[in-house]
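Asks: Encoded as structure tokens, here's the structure I'll be asking about.
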2 protein chains.
Amino acid sequence: MSGGPTPISQCASIDDLSGIVGKHLIYAYDNGWKYELYVRNAETIEFRCLLGPMFGRWSKNQPAKMVRLTDGLYKLAWVEPTGTTTNVILWLPDRRVHTTISYPQWMLDYPESTLGRYEDNLDDIIADRDRGPTYPLTLVSSNGRITFLETRDPDDDTVIDRAPGKLPTGYADRTN
Amino acid sequence: MSGGPTPISQCASIDDLSGIVGKHLIYAYDNGWKYELYVRNAETIEFRCLLGPMFGRWSKNQPAKMVRLTDGLYKLAWVEPTGTTTNVILWLPDRRVHTTISYPQWMLDYPESTLGRYEDNLDDIIADRDRGPTYPLTLVSSNGRITFLETRDPDDDTVIDRAPGKLPTGYADRTN
């Protein structure tokens, strides 16, 4: 290691995901929409939409690529079966989130097939996706805050275990 | 401001782009491919592919969404006319880069129409894009290092002023 200014993030590797795997969080975008994310393992996330026009959407098996950017700061990227590309930045100590999502046009026009569990409705989603229109892709950028944050075991099927519509009253409003 | 631990990035705003606008850089991915980026202004980037199978691709007018993640750390996201969604993380003090790119299938199969200046070939690119196939979208994650970095004026048309094939010998090999 040579001298000079200390680099931002040399103390741990970009591939050190020990601080993100197992994290379970609820976050609210500035527009009020609420989402839930569980980092099931280093290659898989689970999510639910808890509040907003996309209420009801969820997945228990979304492959994702994750990196550690610096202490407490992570980026998760994934492509959904719909053709939507999502990049989420999580500042865990700050409890902040920033997301860019690239939406195919049909997802904005008629999202109905995507408002359940992706894995239960894959044929319909792919039929809608292939019918399109895909373009223009709309890049939406959103800021939000993490309203609930906990650490769970990896690969725990009890964290995200039911559809958003089956959750107890007040679930999305939990804070800590 | 309440007490408690100091958040990562409260000393400047996520929207403070003063440290990224005007930056001009060359970076090399771990596979050896080299790219060049000029942050023309807070809404626009310019780029060139200098080395690798995508050699020749360039743009002087690519809208992008940018945020400051923390000191010296920025994220730039954009959707190209091809339908490719790119997210680039730049660690300026560390001289590192991490990119995720969501590639439509046709871009991997027959990229020929995309290997010039996008703005000069938009009709052909959009025809190829609409012919597809778009799916599966392939999410490629890459790490690299910044080999050349300087600060230029914003909106300077002399930074990226010609096709990659018209650059002087050794241009891509400049380091500082």
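Asks: Considering region A:79-96 alone, what residues qualify as being within 7 Å of another protein chain (Cβ to nearest Cβ) and touching a Lys or Arg at 6+ places or on another chain (Cβ under 8 Å)?
Replies: Residues satisfying the conditions are A:G83, A:N87, A:I89.
Asks: Could you list, in sequence order, the residues of region B:156-176 that are in contact (Cβ under 8 Å) with a residue 60 or more places away in the chain and either at positive phi or of a type in the set (A, V, I, L, M) (or both)?
Replies: B:V159, B:I160, B:A163, B:L167, B:A172
Asks: Please tell me if A:M54 is more than 7 Å from chain B (Cβ to nearest Cβ) and touching a helix residue (DSSP H, G or I) at 6+ places or on another chain (Cβ under 9 Å).
Replies: The answer is yes for A:M54.
Asks: Restricted to region A:42-96, and to residues that are over 14 Å from the mean Cα position of the chain (by Cα) and hydroxyl-bearing (S, T, Y), which residue is nearest to A:I126 (Cα to Cα)?
Replies: A:T82
Asks: Which one of these is among the hydroxyl-bearing types (S, T, Y), closer than 20 Å to B:L149 by Cα, surrounded by fewer than 22 Cβ atoms within 10 Å (Cβ to Cβ) and within 11 Å of another protein chain (Cβ to nearest Cβ): B:T99, B:T44, B:T70?
Replies: B:T99
Asks: For A:D109, all conditions in the list (1) loosely packed, with under 13 Cβ neighbours inside 10 Å; (2) closer than 30 Å to A:G72 by Cα hold save one; what is the number of the exception?
Replies: Here A:D109 clears every test but (2).
Asks: For the condition farther than 16 Å from B:E80 by Cβ, out of contact with any strand residue (DSSP E or B) (no Cβ under 8 Å at 6 or more places or on another chain) and modelled with pLDDT of 95 or more, what is the one hit in B:R145, B:R129, B:R162?
Replies: Within the list B:R145, B:R129, B:R162, the selection yields B:R162.
Asks: Being more than 14 Å from every other protein chain (Cβ to nearest Cβ), under 29 Å from A:A127 (Cβ atoms) and over 15 Å from the mean Cα position of the chain (by Cα) is true for just one of B:P133, B:P111. Which residue is that?
Replies: After ruling out the rest, the residue left standing is B:P111.
Asks: Can you tell which of B:L108, B:L17 is at pLDDT 95 or above and under 25 Å from B:D155 (Cβ atoms)?
Replies: On inspection, the qualifying residue turns out to be B:L17.
Asks: Name every residue in region B:157-172 that is under 25 Å from B:T99 (Cα atoms) and under 18 Å from the mean Cα position of the chain (by Cα), in order of residue number.
Replies: B:V159, B:I160, B:D161, B:R162, B:A163, B:P164, B:Y171, B:A172, listed by residue number.
Asks: Considering each of B:P168, B:P136 in turn, give the residue that is surrounded by fewer than 18 Cβ atoms within 10 Å (Cβ to Cβ), in contact with a helix residue (DSSP H, G or I) (Cβ under 7 Å, 6 or more places away or on another chain), in a loop (DSSP other than H, G, I, E, B) and of a type outside the set (A, V, I, L, M).
Replies: Criteria check complete, one pass: B:P136.
The values are calculated or read from the model by the stated rules, or taken from the named source; none is laboratory data. Just so it is clear, the structure is predicted and the values come from calculations on it, not from any experiment. Counting neighbours? That spans all protein chains shown, and the Cβs are built from the backbone with ideal geometry, glycine included.
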